[in-house]
Each structure stands twice: as C-alpha cells, then as structure tokens.
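Everything on this sheet refers to the single structure shown next.
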Amino acid sequence: MQGIPNKGAGKIVADIAEVIVSNKAYLSEIDGKIGDGDHGINMAKGFGRAAERLDPDGTLTEAMEILSDVLMSEIGGSMGPLYGMMFSDMAEALGDSETIDAESFTAMLQAGLDGIQGIGNAKVGDKTLMDALSPALDALKAANAGGKSFPEALDAMKAAAAVGRDSTIDMVAKLGRSARLGERSRGVLDAGATSCCMILTAFADSITARLD
C-alpha cells in the first residue's frame with residue numbers, strides 16, 4: 001500500500017502555506033473584482049502564521065490543528081472560519097493514523113467537505129470553494145475505486161479541482177457579498193475556489209514528492 005508516515009508530514013502544511021503566501025496578491029486581485037479584495041491578504045496571514053508555529057517533525061494532524069486554530073481565531077472575513085472548520089475536521093479524521101494513504105487521505109478530505117457543508121449552505125454551482133472541492137473529492141474517489149495508484153488518484157484530484165475552479169468563471173454568485181452583484185459576478189474566477197484548488201494541488205504535490 002502506498003503512503004507516507006503521518007509523523008514528519010506536518011511540513012506539508014508549510015508547503016501549502018508557501019503556495020498561498022506566494023499567491024497573496026493574485027488571490028486578492030481576483031477577490032477584488034467581485035468581493036472585498038482581502039482574500040489573499042487574510043489567507044496569507046493565516047497560513048503564514050501557522051507555518052511559523054508548526055513543528056516540522058510533527059504530524060500532519062498536529063499541523064492542521066494549528067492551522068485551524070489560527071484561521072478560526074486570528075483571521076477575519078468569512079473564509080477564515082470556513083477553512084478553519086475544514087482543517088479541524090480533516091485533522092480529526094486523520095487522528096492518530098500512522099500512515100497517510102489513499103484511504104485515509106480520502107476520508108480526511110471527505111470530513112473537510114462535510115465540515116464546510118455543516119456550517120454553510122454552499123453547493124456546487126454557487127460559485128464558491130465547493131466548486132473545486134466537491135469535484136476534486138469525487139475524482140479522488142473514482143480513481144481509488146478504479147484501482148489507480150495513490151499518485152494517480154492525487155493527479156485526478158488536482159485536475160478536477162482545476163476544472164472546478166475554472167467553471168466558476170461562467171457562474172453567477174449565489175452566496176456572500178458577491179451575490180448582490182447578480183449577473184455582474186459572471187466572468188470572474190471565484191477566489192475561494194481558486195485558493196481551494198491551490199490547497200489541493202499543494203497537498204497532492206507535497207504528498208507525491210514524499211512518495212517518490
């Protein structure tokens with residue numbers, strides 16, 4: 001069975017944080033077209049602070065707990081609590097697992113999606129992070145069911161997340177501040193779907209690098 005040790009995998013969160021921080025301006029630029037324009041700033045602040053506080057030799061579970069705490073207690077806007085809940089539930093699902101493999105990673109991602117759905121009404125088609133997260137999870141499950149290797153399943157997840165992200169360009173926002181724009185929200189990527197795609201891609205790349 002392909003997998004990586006949970007112990008020492010806390011660095012994966014640092015890898016994700018590096019991607020988010022480096023895309024701070026881009027995420028805020030996208031958000032500024034139909035939202036407050038602070039998505040990149042808030043995300044970079046939260047992920048950056050968490051990366052500074054995590055134990056590089058610790059588990060992914062512990063690192064996600066730290067990230068969740070920072071996002072929920074120190075970051076403003078609506079995305080802090082949403083992502084905070086997602087990572088909290090993902091950490092709980094992974095728990096004391098010694099190995100991160102296709103099964104545990106899929107269960108982890110499912111818990112994150114369930115957590116977001118538990119505190120909000122977002123669904124696919126509403127122009128939110130769910131448009132990247134939900135199809136990515138579906139693709140991961142399908143790859144697992146089809147007997148694909150863990151790296152192949154992660155590649156399928158990445159591809160589906162990107163397609164889901166891009167699909168938000170043609171959507172009209174149904175939730176949040178941008179929903180008030182109606183048809184004027186069409187033609188722009190959703191910032192949440194974009195950051196979610198970055199997170200999932202960084203997860204996949206970091207795990208795959210460790211598998212190799």
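The values are calculated or read from the model by the stated rules, or taken from the named source; none is laboratory data. Quick caveat, the model's predicted, so the values are computed rather than measured. Note that we place each Cβ from the backbone using ideal geometry, even for glycine, and neighbour counts take in every protein chain shown.
Determine whether region 64-71 contains at least one residue that is hydrophobic (A, V, I, L, M, F, W, C) and free of Cβ contacts under 8 Å to residues at least 40 places away in the same chain.
Checked region 64-71: at least one residue is hydrophobic (A, V, I, L, M, F, W, C) and free of Cβ contacts under 8 Å to residues at least 40 places away in the same chain.
Between residues in region 117-144 that are assigned to a helix (DSSP H, G or I) and residues that are among the hydrophobic types (A, V, I, L, M, F, W, C) and surrounded by fewer than 18 Cβ atoms within 10 Å (Cβ to Cβ), which pairs lie under 6 Å by C-beta distance while being six or more apart or on different chains?
Qualifying pairs under 6 Å: Met130/Val124; Asp131/Val124; Ser134/Val124.
Working only within region 46-68, note down all residues that are out of contact with any helix residue (DSSP H, G or I) (no Cβ under 7 Å at 6 or more places or on another chain) and under 16 Å from Leu94 (Cβ atoms).
Gly58, Thr59, Glu62
Just to be sure I understand the filter: pairs with C-beta atoms under 6 Å, separated by 6 or more residues or on different chains, first member in region 152-168 and within 21 Å of Lys127 (Cα to Cα), second member not in a helix (DSSP H, G or I). Which pairs pass?
Thr168/Lys127; Thr168/Leu189; Thr168/Asp190
Just one of (1) surrounded by fewer than 23 Cβ atoms within 10 Å (Cβ to Cβ); (2) touching a residue at least 24 places away in the same chain (Cβ under 8 Å) trips up Glu29, so point out which.
Going through (1) surrounded by fewer than 23 Cβ atoms within 10 Å (Cβ to Cβ); (2) touching a residue at least 24 places away in the same chain (Cβ under 8 Å) one by one, Glu29 breaks only (2).
Being farther than 19 Å from Ile20 by Cβ and crowded, with 18+ Cβ neighbours inside 10 Å is the requirement here; does Leu94 meet it? Can you show your working first?
Details: farther than 19 Å from Ile20 by Cβ: yes; crowded, with 18+ Cβ neighbours inside 10 Å: yes.
Against the criterion (farther than 19 Å from Ile20 by Cβ and crowded, with 18+ Cβ neighbours inside 10 Å), Leu94 qualifies.
Among the residues that make up region 157-176, is at least one of them buried (at least 22 other Cβ atoms within 10 Å of the Cβ), of a type in the set (A, V, I, L, M, F, W, C), in contact with a Ser or Thr (Cβ under 6 Å, 6 or more places away or on another chain) and assigned to a helix (DSSP H, G or I)?
Scanning region 157-176, I find no residue that is buried (at least 22 other Cβ atoms within 10 Å of the Cβ), of a type in the set (A, V, I, L, M, F, W, C), in contact with a Ser or Thr (Cβ under 6 Å, 6 or more places away or on another chain) and assigned to a helix (DSSP H, G or I), so the answer is no.
Of these, Asp69, Asp114, which one is in a helix (DSSP H, G or I) and either farther than 25 Å from Asp190 by Cα or over 15 Å from the mean Cα position of the chain (by Cα) (or both)?
Asp69
Is it the case that some residue within region 98-106 is more than 21 Å from Asp36 (Cα to Cα), assigned to a loop (DSSP other than H, G, I, E, B) and at pLDDT 90 or above? Break it down into steps so the answer makes sense when it comes.
Step one: filter region 98-106 for residues more than 21 Å from Asp36 (Cα to Cα), giving 98-106.
This time we only want the ones that are assigned to a loop (DSSP other than H, G, I, E, B), so: 98.
After this cut, where a residue has to be at pLDDT 90 or above as well, the list is 98.
Within region 98-106, one or more residues are more than 21 Å from Asp36 (Cα to Cα), assigned to a loop (DSSP other than H, G, I, E, B) and at pLDDT 90 or above.
I'd like the full set of residues that are on the phi < 0 side of the Ramachandran plot and not in a helix (DSSP H, G or I), limited to region 30-66.
Gly35, Asp36, Asp38, Leu54, Asp55, Pro56, Asp57, Gly58, Thr59
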